[in-house]
Structure formats: structure tokens, C-alpha cells
1. Dividing the alpha-carbon radius of gyration of segment A:104-252 by 2.2 N^0.38 Å (N being the number of residues), what value is obtained?
2. Output the relative contact order of segment A:167-265, whole-number percent, from Cα pairs under 8 angstrom with separation of 6+ residues.
3. Tell me, what is the percent relative contact order of segment B:1-142, built from C-alpha pairs under 8 Å that lie six or more residues apart?
4. I'd like to know how segment A:228-332 sits against the 2.2 N^0.38 Å rule of thumb: what's its Cα Rg over that expected value?
5. Provide the convex hull volume over Cα atoms per residue for segment B:223-283, in Å³.
6. Just need the relative contact order of chain A here, percent rounded to a whole number, with Cα pairs under 8 Å and 6+ apart.
7. Expressed as a fraction of 2.2 N^0.38 Å, the rule-of-thumb size for a compact globular protein of N residues, what is the C-alpha radius of gyration of the protein assembly as shown?
8. Using only DSSP helix segments of four residues or longer, with each worth -39500 (n - 2.57), what per-residue ellipticity at 222 nm results for the protein assembly as shown after dividing by its residue count and rounding to 500?
Protein chains: 2
Amino acid sequence: MNNLQSLLQNKINQKTKPLGALGRLEELAIQIGSLQQTLSPQLRRPTLLLFAADHGLANEGVSAYPQAVTAQMVLNFVRGGAASTVFARRLGFTVDVIDAGVAHDFDESLPITHAKIAHGTQSGLHSNAMTGIQLDTALAIGALRVQAAAVAGANVIALGEMGIGNTASASLLMASLCGLPVDDCVGRGTGLDDERLAHKRSVLARVFAARGGTSDVMNAMQRFGGFEIAAMTGAMIEANRLNVLVLVDGFIAGAAALAALRIDPAALRACVFAHQSAEHAHQMMLRQLNVKPLLDLGMRLGEGTGALLAYPLVQAAVDMLNEMASFDEAGVSKA
Amino acid sequence: MNNLQSLLQNKINQKTKPLGALGRLEELAIQIGSLQQTLSPQLRRPTLLLFAADHGLANEGVSAYPQAVTAQMVLNFVRGGAASTVFARRLGFTVDVIDAGVAHDFDESLPITHAKIAHGTQSGLHSNAMTGIQLDTALAIGALRVQAAAVAGANVIALGEMGIGNTASASLLMASLCGLPVDDCVGRGTGLDDERLAHKRSVLARVFAARGGTSDVMNAMQRFGGFEIAAMTGAMIEANRLNVLVLVDGFIAGAAALAALRIDPAALRACVFAHQSAEHAHQMMLRQLNVKPLLDLGMRLGEGTGALLAYPLVQAAVDMLNEMASFDEAGVSKA
């Protein structure tokens, strides 16, 4: 523990409760206080960055849903009818929906951030999913949206994504970066049955054989995509630089975190891992990241839903630091 | 599944998300809709019932804290400086602090519910912790506070407790009702070191030997207490009768639930088990209750803190039912 962490721990230990009795909330409070360099952190203008992009792999039958659903869900986000936007509204989040590469031309008047890199990535079967320039752009889009949120007053963001086929990209990235067999990294995504899961496995094996695994993060992201994953990676790295707290969602966001960690070993300092997904390989991914998420609710929806649901716990940790009375203040006897 | 549950499941399956992708939130939505007998449940005037009472056992050195802390914490609740009152304020809960038997005479003007049964229970070493009349009164106090909350408009309550020494009572109740060895039911409570834990074990063994274990719930509660535990038992039974949703906290509230289940096998229909406590025997208690709580955050504070922190998940489940768009409404393609 450094000096500020010791001071935060000491402040927590003076609160009217048994030592350590708030468990993970106490760890959260120390993380957030350290990030904000204060004993009295504040959460301001919580913002959901919701990155949408399409995947060439979606046309290879790796998802239970057609590619068109990505664009349809962007419209659902705008109208507030999707799970993440329902939760965001309740929890007071500003929502920034970013088209980072959806295979659909949205009306320019739509209240989204228009940052389309291309109409989806390549499948990876015949060429890399994206070019080096496209990867740099995707990383920059993520960083820029964090900067925009910070300028608007946010010091806490949740990261979410929408992209039919993106569990496939996340699985390939995980296998590549962690040196794991592709099969160990594949799951049912939006809910494939056994037959379609077998098909997904065979497609991903072909992509991995065609492109080859690599532990080099920039090469791995170019080979396997996707735009929204790279954007989240860029967002995490920038959030760490700006001391903005990041709520990390499930499997896809976890793949972005794996990449962020390879680009900048300090990138996860600002991250709170929000929930464990029901997606098969997420547990192993979390072990690779060496983190234990706050929630485990059997969810596998993406869109930042898990990240948002962890926000009240973060808020409780901050409230504990700022609003709970000390033993002295309350006149309560100590152990 | 009965017909209403099927209709609820069907409504959830139409929402713009993969089938089952909201995991435990979907189960919660079905439970709440069933309880309220509607496809569009509402949460109204969430209320924390915070029962405080003292334990004769506290004077036998079973807690890290002196008995005076119970009364001191009641004052801390009233001033809003305790963890549970901080969380309740943030989450919009009305707080009802009930003196069910604190060993201190509070000023009558204090904004608490004055329902003192006695100045604490007996220790159980020389006589039962409470008389039959006292037990009936404690059960009734719990039921009456649920009725009062419901009359004021609440249809969801969180149950919390404060009582130095009450993990000891809860352990004895658990051992008695479940036919388990007392040692398996004992934990560190507010944070005993090894030496004091050994002392707590020996005291509880003496009480258990003196009173004897029994699976008869009314006898077990008289023998081992406590007032606040019995009040929570009465509250759960009444909440079930009134279709009021109950958020159940950790180890002490769990002991109350064990008792409620023995009095009325349907008593837990309205209960949502909120969190798994770090208290040693809680995991086994949850297996006895055959429930899996929503949160596991290493907390062991009581006061309803865990129950409160689960409320945003309950709210999210209800919002999902009421506010998420269906595939048809949103024009999103199905799988």
C-alpha cells in the first residue's frame, strides 16, 4: 500500500462497522480514492459508451442472429428500448452510442456519434479483419469518446458493445493473445444450439489457421477484429491516462481489456470488472486478467448491461467513504 | 410453471435480447410479477425495517464489541451515519428503526418505533432466552411493521438487524432447527480472533447443552432468541401474506428465514435472498434454505446492508419487464 491507500484504509477503518465488514466495497473505495487522489472521491456524470460495429464473420453463420440486428439495435438504443438503455436511464447514465463500423448507413440526423470506419470488418478468412490504419482509427475513436465524456464532466464510464458476431472475434483475440486453443475460448454467444456451436467452432478454427495466432497485440487485433473491441481498448487506455473510472462489462469487453493490458501494463488501474458472463470462456478470461468481477448473475447480453448494474455498488463504496460516520463522530464504542 | 409465470416468461422472451440472456434478472422478474399477480409489476415506497435488540449472550464475551454498541448504533441509524442508512438514503428507502428490545432506555421523542419487549434477552445459560409471550410479541412486532409499511404504500421491504451478540443466537437457532453440530454453525461474527472464537464456541456449546437442541421452531426461538430475529421471522410471514417483496440480508436474517420456513412452508415465496455473507456458516445455511443469493461481496455487516445493495437488481428486473422493447416494437429481427 502506498501512503494514500493507507490513509484511505485508515479512514475506512474509522467507520462505524467491524473492520473489513464491507468486503469488496472497501477495496473499491480504495481503488477509486487512489484513482482520484483524494480521501473523498466523487462520481460525476456517469456515461455509457456504447460502441457498435459489424463483423464479416457474422455472414459465416457464427451467430444466432442476422447481421442486420446490429443496426436495428442501434436504433433501439436511440429509442431507449434496449436493456442497457433501460438500465442507463434508471441509473442516471448519459448514453453515447457510437457507430464505429456498422454495416448500415444511418441517417445523419440520428443522435449517435457517427464514426464509421467501414461497413463491418472482414471475416478474417481471406484477409485480416482490419487494416493497420483501421485499427489505429478504432483505438483513437475509443480514446476520443472518453475525452469527450471527460470534457463534459464525466469521471466514470461504463463500456458496452453491440456487434453481431463479436463473441467470435473476442474468442479469437483471446486465443491469440493468451496462447490458448481456440476451442477453449469459444462459447454459445447469443445462444447457439449444439449444432450451430460446432459450426462456429469449425469456422473459427479455419480463421485461426488462415491468419495464425500471435501474441503481438496490434497484429492480433488486425487479424481478428473488431472495430468496437479496439475502440473499447482505446477507451480503457485513455481512461487510465485521464483517471476516469471504467466499468468493464463481460466477455467482449474483457477481450478489449486483454488487449489494453498488452498495450499498456497499467491500463487496467482504472478498471472495475463488473460481472462474470455466462459465456463459456469468460471465467478463463478473467483468470488470465487476474480479476474477480463484482457480480455473477448468469447474464450474457453485452451492451454494457453488466457494467451498468455494478454502478450502484461503486456508488455505495463512495458513499461509505463520504457519508458514513466514524466511531468518534457517532459516539460508538470500538472493539 | 403456472399460467401467469408462463405469460411472464413469454413477455420476457419477446424482449430485444437473446433468450435467457438476463439470467437471474429474468427469474426475479417472474417472481415479482407472480407475487404482484401482474405482467407489469411496480416497486413502491421501498422500506427498510431495521430491528434492534440486545442479547444476554453479549455479556458472555461472544462479540468483539460491548453490548452498549447496539443502542449507540440505533442513534447512528437515526442520524443517518451507519452504512445501512447511508445506502438507504441513496436508494430512496424509507427507514423504520424498531427498538424490539435494546438494553437502553431511549428518549421517547426519538424518531424510532418504540416496541421494546425487554432490556435484551436472557443468555440461555440459565433459562430460555425469551418467554413464550415475548416470542409471540416479537413475531407480532415484525408483522405489524410490515403492515404499517404496506399501509403507507410499500410493496417491497428490506429486513435488517442490529444486536451485539446476534450471530451467536443465529448460530444456535441454525444448529437447533437444522440438527447440525453447533461448531459447524459458529463464525467470527464482527471479527473475533482465534482465541475469542474458541471462547465463543465454548460458550455456545454450554448454552446448547443447557437448553438442548430442538427442531420445534417455537421452542428453539424461545431457547436461543433473539427479539430482532423473531421480529424478522414475523415480518417474512406477514410479507408473504400481503404479497410484499422481501429483501433478505445475510446470516442473522437467514436464521429468521429458517424459522419462518418452519412456521409457514410458503413463507419464503416473497423473499429474495440478497447476499452471501462472509460469516462462516452462511453458505451452509443457504444450502439448508435451498437458495442462491444475488450478491457475494465478502460483506458481514448486517443492518440490512446486503439487502439494500440488491435492490437495484430488483429494480432492473422490473424495469426490464416494463420498459424494454419487444422485437416487434423495435423492429429487430429474431434469431
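1. 1.09
2. With pairs under 8 Å counted, the relative contact order is 34 percent.
3. Relative contact order, segment B:1-142: 22 percent.
4. Cα Rg divided by the expected 2.2 N^0.38 Å: 1.21.
5. 80 Å³
6. It rounds to 24 percent for chain A.
7. Expressed relative to 2.2 N^0.38 Å, the Cα Rg reads 1.01.
8. -15000 deg cm²/dmol
The values are calculated or read from the model by the stated rules, or taken from the named source; none is laboratory data. It should be emphasised that the depicted structure is a prediction, and the values quoted were computed from it without experimental measurement. Methodologically, a virtual Cβ is constructed for each residue, glycine included, from the backbone with ideal geometry; neighbour enumeration extends over all protein chains shown. Note: areas computed on protein heavy atoms with side chains; ligands, DNA, RNA excluded. Shrake-Rupley method; radii C 1.70, N 1.55, O 1.52, S 1.80 Å.
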